[in-house]
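The values are calculated or read from the model by the stated rules, or taken from the named source; none is laboratory data. Computed from a prediction, not measured in an experiment: that's the story for all the values here. Every residue, glycine among them, receives a Cβ derived from its backbone with ideal geometry; neighbour counts consider all protein chains shown.
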Amino acid sequence: MTDQAMDRAMAEEKSAKPKGPLIYRQSIFTRVTHWVWAIAMFFLLLSGLQIWNAHPALYIGQQSGFEFDNAILRIGAENTDAGPRGFTTVFGQKFDTTGVLGMSDLRGNPNFIGFPAWSTIPSFRDLGTGRVVHFFFAWMLVGALAVWLVAGLLNRHIWRDIILKPRDLRDLPKDIVDHITFRFHHGRSYTPLQKVAYFGVFVVLFPLIILTGLTMSPGINAAWPWLLDLFGGRQTARTIHFVAMLLLVGFFVVHIIMVVLAGPINELRSMITGYYRTSPGTEPDENKKDRTNG
Amino acid sequence: MGKLIQLNRRRLLGLGAASAGSMLLAGCDTFDFLGQRAHPVRDFLERANSLTYAAQRALVGDQALAREFAESEIRQGQRPNGSTDPRTNIPEYKQLADTQFANYKLKIIGLVETPKEYTLAELQNMPSRTQITRHDCVEGWSCIAKWTGVPLGRLLDEAKVKPQAKFVMYHCYDVYGGGLSAPEPYYETHDLIDAFHPQTICAYGLNGEQLPVANGAPVRVRNERALGYKQPKYVHTIELVDGFSTVGLGQGGYWEDHGYDWYGGI
């Protein structure tokens, strides 16, 4: 877009919609930890799939059944009359997943692997490297969470934006309707649905994925054996770790869709500079670094 | 002025989003360099493993025990993996196995006051420990089995470990590679905390039977607070050392030389 075109677009935007004040919405702690997590989650997911490919099955219980069956998910390849195919078995239901799971294409050759090469770090089979990457970024995730927790408690971000309060529950139905009809309110604090989403990530999924990860550590098992009882065994913990990963991927997809729908420039700006263009009618706060005119 | 900054910011945001998108689309060949063992970025990422080791040593009591299970949890045989039959390529081992390990000796050497040798019968006549524990392979699977053996700490006490010793190195009969690459004997190392841990045993029994060849006969060392590759099979020599940089590729074990972390506690 040329500068002129952009000016025109902005002018139209200005005339079409009245603007609310530009408020200082995201503290430096929220912004930095957000991007640290964005990077860490990317590497954790792709190295995690690499690690998972070393044994592409999930079980319920303390151990993995080789002479009995306690698997709930299995990905693999089998020879059929039509040649080798990739299969995924979930709760006993078998699906042909050739091309994606169990057997995929690698530069024109069949690759017999759980998750395909394009979804793993490294792209080739290398459990050792996957583990190096995974544990490095696991520390980054946990470190950022510790910083966020302390800062968020002190600056009340957690109380204001994450913890669901009775009022949020009361306003939840209306917020759902607003989201369905694409009426987004850009206020100072998060809407009830936003709070539900972030509550789910910070209070449920992050602790769950970290604790189930630790439950897989034989060293941590010795220190905190109660983790094994809490999650019902190491293999169940591994399964929950995987499901929590799927839910976080689901969150990521919804998160990106919402950023695009709610105005990507404004949303990205708030997560980079901290400043957020609110809906008209939002009162700027004299005590904060808000700007009445942006 | 304000407008100019805003426009630049807009472009900057667009650029950032575009580059993030292209990183995703490029697929993960982009990060294949992390597989290179000596790459400086990988070296940096590997520091997290030292952090994990330090954190677990601080958090996990030196004597804290791995979970032990009930007999009813033994629901299958111990799944063998890695080397499962050195008789096929190690003549010395085949001779020992063919005579039920009657001529086998477990040697304790290196930084000790009195080097020791034990026959299998001598080991079996010493006070033993039996534990039903979960074996966790680095691949992700687990298997519960009953292991019987002599606590390693007892053997180390008899040999009297010298103060300068820092690690216990296990030398094994089994060999990886060969053919086109030079054969590499399996070896492993533990720190002295793991070596003296009450559940660290030189196991000669599995599920109430003699330890089978597939699982490491005649002696496999169990380190119940670590992954499977830290449980060396077919052990013939236990050497007390003050470092391991001169052995193998210097990483402290066969699998460590091939990219796994040394501690192996997670």
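Among the residues of the stretch B:137-155, which ones are aliphatic (A, V, I, L, M) and within 14 Å of another protein chain (Cβ to nearest Cβ)?
Selection gives B:Val138, B:Ile144, B:Ala145.
Mind listing whichever residues of the stretch A:186-234 are in contact (Cβ under 8 Å) with a residue 24 or more places away in the chain and outside any helix (DSSP H, G or I)?
A:His186, A:Gly187, A:Arg188, A:Ser189, A:Tyr190, A:Met216, A:Gly232, A:Gly233
Somewhere in the stretch B:71-92, is a residue in contact with a helix residue (DSSP H, G or I) (Cβ under 7 Å, 6 or more places away or on another chain) and of a type in the set (Gly, Ala, Ser)?
No.
Residue-wise test of (1) away from chain B (no Cβ under 14 Å); (2) of a type outside the set (A, V, I, L, M).
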position	(1), (2)
A:Asp178	yes, yes
A:Phe182	yes, yes
A:Arg188	yes, yes
A:Leu193	yes, no
A:Phe206	yes, yes
A:Leu214	no, no
A:Asp229	no, yes
A:Tyr276	no, yes
A:Glu283	yes, yes
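Applying the selection to the stretch A:186-216, what residues are exposed (fewer than 14 other Cβ atoms within 10 Å of the Cβ) and farther than 26 Å from A:Leu45 by Cα?
Listed by number, the list holds a single entry, A:Ser189.
Scan the stretch B:57-99 residue by residue and report those that are within 14 Å of another protein chain (Cβ to nearest Cβ) and at pLDDT below 95.
Across the stretch B:57-99, the qualifying residues are B:Asn81, B:Gly82.
So which of A:Gln26, A:Gln62, A:Gln50 is touching a helix residue (DSSP H, G or I) at 6+ places or on another chain (Cβ under 8 Å) and modelled with pLDDT under 95?
A:Gln26
Do we find that A:Gly48 is more than 8 Å from every other protein chain (Cβ to nearest Cβ) and either part of a helix (DSSP H, G or I) or surrounded by fewer than 17 Cβ atoms within 10 Å (Cβ to Cβ) (or both) in this structure?
yes
When residues of the stretch B:213-266 are filtered for being assigned to a strand (DSSP E or B) and among the acidic types (Asp, Glu), how many remain?
1
State yes or no: is A:Leu106 within 14 Å of another protein chain (Cβ to nearest Cβ), touching an Asp or Glu at 6+ places or on another chain (Cβ under 8 Å) and of a type in the set (A, V, I, L, M, F, W, C)?
No, not satisfied.
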